[in-house]
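The values are calculated or read from the model by the stated rules, or taken from the named source; none is laboratory data. Given the structure is predicted, the values throughout are model-derived calculations rather than measurements. With ideal geometry, Cβ positions are generated from the backbone for all residues, glycine too; neighbour counts draw on all protein chains shown. Note: accessible area is taken over every heavy atom of the protein model, side chains too, but ligands, DNA and RNA are not part of it. Shrake-Rupley method; radii C 1.70, N 1.55, O 1.52, S 1.80 Å.
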Amino acid sequence: MKKIDHGKGKQRIFSLDEPNSLHTEMYRQIRTNIEYSSIDRDIKVLNVTSTNANEAKTTTACNLAVLSANKNKRVLLMDLDLRNPSIHRLFKIKNYNGVTDILIDFTKYGDKLDITKYIQLIKHPNIINELFVLTSGTDTVSPFEILNSKRLSKLIEIFKEYFDEIIIDSAPSGILADGVVTSKLADGTIFVIESGKNKIEMTQKVISQLSNIGVNILGIVLTKLPNKIRNYGSYYGKYYTNKTSQERI
Ligand SMILES: Nc1ncnc2c1ncn2[C@@H]1O[C@H](COP(=O)(O)OP(=O)(O)O)[C@@H](O)[C@H]1O
Ligand SMILES: [Mg+2]
């Protein structure tokens, strides 16, 4: 079996660069599971969070967004990890005219805002339809206030008219509440857990905190499994639906 080695600084989006790889197949299965778990409720805004940084939220969100744009006509991937934004690096684009900037202009222009000035179209032969990225934008001293603002939820309402699916790459939810407030903006949340690194109690606490405030946790993605417990199905990660997740972590 091939060993996966991401190597530092070489972060890649497999569903973009290697659409036929096992890694991409894993993300495809996650997408299918999301669709099955949400048959009764349309998931238009999907959020990805975790307990801590570095658990693979951004990697998961980017891959899900690429696969979504191969199915949905127009998809938006938003970087709402305002303290540690990184989507622009994965797609090799500029962090320019992003979330913080559009929100300032939204106050000025209201509904007359031209959102096309802020979103960047990702051009790649392996993207069938349209994938747009809204980067985090100019650094801010008050990320939590921005994430918790009415302006942001209003903006997402506008985006819902324009895009078929919106995927939020969120901040961690463990120490600061950034990821918790962005989970509230979404119809469903995917919770990413890096295997072996987390204290189970902390992860359980964060998941129940999210559930208690009404966040719809669709499932758990377990990433970075050690070699010895990898098999074909868990080669690159694993997805549990919310019914089994509580039992297994
Ligand atoms: N499934 C995976 N298996 C192994 N390494 C991974 C996996 N997903 C992501 N990584 C690596 O983990 C690191 C953190 O990923 P990232 O998506 O930026 O995390 P986060 O957004 O949670 O901070 C990166 O170096 C990335 O290449
Ligand atoms: Mg990230």
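Structure summary
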{"read-out": "Flag if residue 69 is in contact (Cβ under 8 Å) with a residue 12 or more places away in the chain and over 13 Å from the mean Cα position of the chain (by Cα)", "value": "yes"}
{"read-out": "Residues within the stretch 89-106 that are at pLDDT 95 or above and among the hydroxyl-bearing types (Ser, Thr, Tyr), tallied", "value": "1"}
{"read-out": "Residue ranges of strands (runs of 3 or more DSSP E) in the stretch 117-236 with at least 3 members over 22 Å from residue 103 (Cα atoms) and at pLDDT 95 or above", "value": "188-194"}
{"read-out": "Unique residue being free of Cβ contacts under 8 Å to residues at least 40 places away in the same chain, surrounded by fewer than 15 Cβ atoms within 10 Å (Cβ to Cβ) and either within 16 Å of ligand 2 (Cβ to nearest atom) or of a type in the set (S, T, N, Q) (or both) when the list is 116, 107", "value": "116"}
{"read-out": "Which numbered condition residue 198 fails, given (1) farther than 27 Å from residue 116 by Cβ; (2) in contact with a Leu (Cβ under 6 Å, 6 or more places away or on another chain); (3) open to solvent by 10 Å² or more (accessible area, probe 1.4 Å)", "value": "(2)"}
{"read-out": "Positions within the stretch 41-66 being more than 10 Å from ligand 2 (Cβ to nearest atom) and farther than 25 Å from residue 214 by Cβ, in sequence order", "value": "63, 66"}
{"read-out": "Where residue 31 falls short, out of the listed (1) more than 16 Å from ligand 1 (Cβ to nearest atom); (2) at pLDDT below 95", "value": "(1)"}
{"read-out": "Close pairs from the stretch 167-186: first within 16 Å of residue 217 (Cβ to Cβ) and touching a residue at least 40 places away in the same chain (Cβ under 8 Å), partner within 13 Å of ligand 1 (Cβ to nearest atom) and open to solvent by 10 Å² or more (accessible area, probe 1.4 Å), Cβ under 6 Å, at least 6 apart", "value": "172/52; 172/53; 174/52; 179/172"}
{"read-out": "Residues satisfying the stated conditions in the stretch 6-40, i.e. charged (D, E, K, R), more than 16 Å from ligand 2 (Cβ to nearest atom) and either open to solvent by 70 Å² or more (accessible area, probe 1.4 Å) or closer than 19 Å to residue 222 by Cα (or both)", "value": "17, 25, 28, 31, 35, 40"}
{"read-out": "Test: residue in the stretch 77-89 that is away from ligand 1 (no atom under 16 Å from the Cβ) and in contact (Cβ under 8 Å) with a residue 24 or more places away in the chain", "value": "no"}
{"read-out": "Number of positions in the stretch 64-99 that are surrounded by fewer than 17 Cβ atoms within 10 Å (Cβ to Cβ) and of a type in the set (Phe, Trp, Tyr)", "value": "1"}
{"read-out": "Yes/no for residue 126 being open to solvent by 30 Å² or more (accessible area, probe 1.4 Å) and closer than 21 Å to residue 142 by Cβ", "value": "no"}
{"read-out": "Verdict on residue 54 being open to solvent by 60 Å² or more (accessible area, probe 1.4 Å) and within 13 Å of ligand 1 (Cβ to nearest atom)", "value": "yes"}
